Structures are given as structure tokens and as C-alpha cells.
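Shown next, in C-alpha cells, is the structure this report addresses.
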Amino acid sequence: MTVAARGAGARPVIVFVLGVARSGTSALARVLSLCGGALPSALVGAMPDNPLGHWEPRAANVINETILRRLGSSGFDPTMRAQEDGALDAAAEAACVEEIRAFLSTLPDAPFVVIKDPRISLLTGMWFEAARRAGFDIVAVNAVRHPQEVAASVAQRSEVSAELSTALWLKVNLLTEAQTRDVPRVFVEYVNLLEDWRREMKRVSSALGINLDAPDEDAINAFLKPGLRHERHQGQLMDLFGADWVSTTYETLRAAARDEPWDQSSLDRVFDAYRVNERDFRAVFEGYQRIEKVNRYFRPSVMKMIYEVRALANRRRGTWA
């Protein structure tokens, strides 16, 4: 059931703005708020990496980071360890959901509230369950941006390789698409928002059934400055990891953001392949790290001493001569 189908006395709505960091989620959250959405209090404000503000609640940042650490994960983790069945036992997961629910109970009393924190995309199940328990209906706006623009934007702000940024882009986009299939949702590409925010807000309003008919146009035009998009990719999209995962995912989500036909099964194929290969490579890297912890103690000087002791034990005869 869409939000538009609800009658009088309907529950308030949380609009979750989902997507990987640097994909336009801050811009989306702010424009939605200027179209009538309420924002939580105590936001993450302007910083050098986002001089117009992040528009996300500080409390959500702390909650999400705490949960990810309990899961042995972080926002820079390309693995699916935090999303695996049994990553937390039932009691621990219930405690996390309750912590989120308690925060959501402090939200403004409004027809719809806009919540954004890129980490929510990694913990969507917990946040959706907590929102329902807190008395909210749920809709999602999934941000889409060219993966190489995202990687370039991340590289400007932290020492993260293009390979890791691309893996994170792939993981988060696959997760958000798969985990929002059962709620009203819409895909918005960052470049489309900057080019014509009115058109994109009409798409959002139609898809989610929320009233965005009274925007603060002057404030939105002042906020969406032409220079807001610092990274612009020209040319062919580069696939990594020896597969078509990135190009298939981007072209599919890009079509969804244009309301063109798109194939959900193609994303299922990529997601299944990424999950299997990620698990295999994770085992490889964890095995390597265990060996390296031991190898740190075997410096060349130590190795020389051990070899000499063994040679003496064999009286420097045979293969030890």
C-alpha cells in the first residue's frame, strides 16, 4: 500500500534517504525538508567536506557506529559480515532495535520526517523494524550517483582507494535496492536533482504519496548551487573486479531513476556474485592477516639464528651441509 492510499488518522511517515556516502544524500535530505519534511533535531552541521551541512542527526551517527562496531564492521567494510544471518544473537539485535526506536520516539510531530545517515543503508532491517514499532510508516528515497564520481569525491576527503570506494558503492547500492523492495520507494540520481529539482520532487511525491506541493523555491535554488557537484565523470564507466558488476548495477539503477524499464533480476545476479566472491576473498585476507601476525616475529635476523640452530642440531650434514 502506498502512502497515498492511507486514510484519515494515518500514521506519520519516515522518509529514509538511503545511499552510499557522497552520492547526493545530503542534497536530497535538505531539498525534501525544504519541500515540507521535518528534520530531527541536533544535526551534523557544515564541515569542510560538506560545507552546506549533512542534514543528518548526530544521535543516529552514534547509534549506527556503535552497532557496526558490535558487528565487527564499519562504514568502510566492503564485506557482508554485518548482514549475515546470526551476525548478532536475538537479544543483542533486539537491544539495537530498541535503541533506535527510543531515538525515533524523539522525532518531531509531523506528517513526514526526513532521516538520512549513510550508515542506515547498512542496517536497514533494524531501522525499518524500529520505525514500525515507533508508530511510523516507511518510505525510501534511494540516491544514485555515478560510481567514479563517488570514488573521486571520497578520494578528495580521505585516503581510500578507488577500488575500495567502488566496492563500497556496489555493496551499498545492492543492499539498499534489495532491502527496500517491500516499501514504497523511488530512485533519484544526483545529477537529475541538480538539473531539475522540481521534476524530481514531483517524481518523489507521486511515487511515495507525500505532499511536496509547497516548496521553499528560493531556499532550494540558493542551496542547489551550480558548484555543488564537484566531481564530473566523462567517458566510459570503468568496471573493476573482473566482472560487469559495476556497470550493470549503475545502468540498472540509472534506468530506475529515469522511470525507464529496468531488470531487478540483473541486480540479483550481481548481488549473489558479489556476496559469494566477497566471502571467499574475506577468508583469504583473514588467513593472510593471521599468518602476518606470526611472521612479524620472524625477522631476517631471527630466521638466520633459527636456521643456524637447526643446522647445528643436524651437525651440518646431509641437506643441512
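Laboratory data are not the source of any read-out in this text; all were calculated from the coordinates shown. No experiment lies behind these values; they were computed from the predicted model shown. Cβ atoms come from the backbone with ideal geometry, glycine included; neighbour counts cover every protein chain shown.
Key figures
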item	result
Gaussian network model of the chain, springs between alpha carbon atoms under 10 Å - residue of ARG145, ARG185, ARG133 with greatest fluctuation	ARG133
0 to 90° range, to nearest 10: angle between helix 162-179 axis and the chain longest Cα axis	50
Fraction of beta bridges assigned by DSSP in the chain that are antiparallel (%, nearest 5)	15
Chymotrypsin sites (Phe, Trp or Tyr not before Pro) restricted to DSSP loop in segment 222-321 with at most 14 other C-beta within 10 Å	TYR297, PHE298
Alpha carbon centroid spacing (whole Å) that separates segment 142-197 from segment 237-314	21
Sites LYS304 and VAL284 - FRET efficiency at Förster radius 41 Å, r taken between beta-carbons, to 0.05	0.85
Residues THR176, THR319, THR79, sorted so that the one with the fewest Cβ neighbours within 10 Å comes first	THR319, THR79, THR176
Of LEU240, LEU194, LEU267, the one that fluctuates the most in a GNM where the chain has Cα springs shorter than 10 Å	LEU240
Most positive-pole-ward Cα, VAL188, ALA283, TRP320, against dipole of the chain from beta carbon charges	TRP320
Which of VAL186, VAL62 has the fewest Cβ neighbours within 10 Å, and the rest in rising order	VAL62, VAL186
Full-extension gain in nm, SER105 to GLU217, via 0.36 nm per residue minus C-alpha separation	37.3 nm
LEU170, LEU312, LEU88, LEU28 arranged by Cβ crowding within 10 Å, fewest neighbours leading	LEU312, LEU88, LEU170, LEU28
FRET efficiency estimate (nearest 0.05) - Cβ-Cβ, GLU98 to MET238, R0 30 angstrom	0.10
The chain: Lys pairs at Cα distance under 28 angstrom, eight or more positions apart or on different chains	5
Bins of 10 Å, starting at 0 and running to the largest distance - Cα pair percent for segment 82-221	10, 33, 35, 21, 2
Charge dipole magnitude, Cβ of K and R +1, D and E -1 - the chain, Cα centre, debye nearest 20	1500
Structure-derived semi-axes √(5λ) of the Cα gyration tensor in Å: which label, when the choices are (1) 55, 23, 14; (2) 43, 19, 17; (3) 44, 23, 19	(3)
For segment 1-144, with +1 on Lys and Arg beta carbons and -1 on Asp and Glu, the positive-most of SER73, ILE115, PHE128 along the dipole	ILE115
Radius 10 Å from Cβ of ARG279, net charge of other residues (Lys, Arg +1; Asp, Glu -1)	0
Choice from SER165, SER105, SER265 showing the highest fluctuation, given a GNM over the chain with Cα pairs closer than 10 Å	SER265
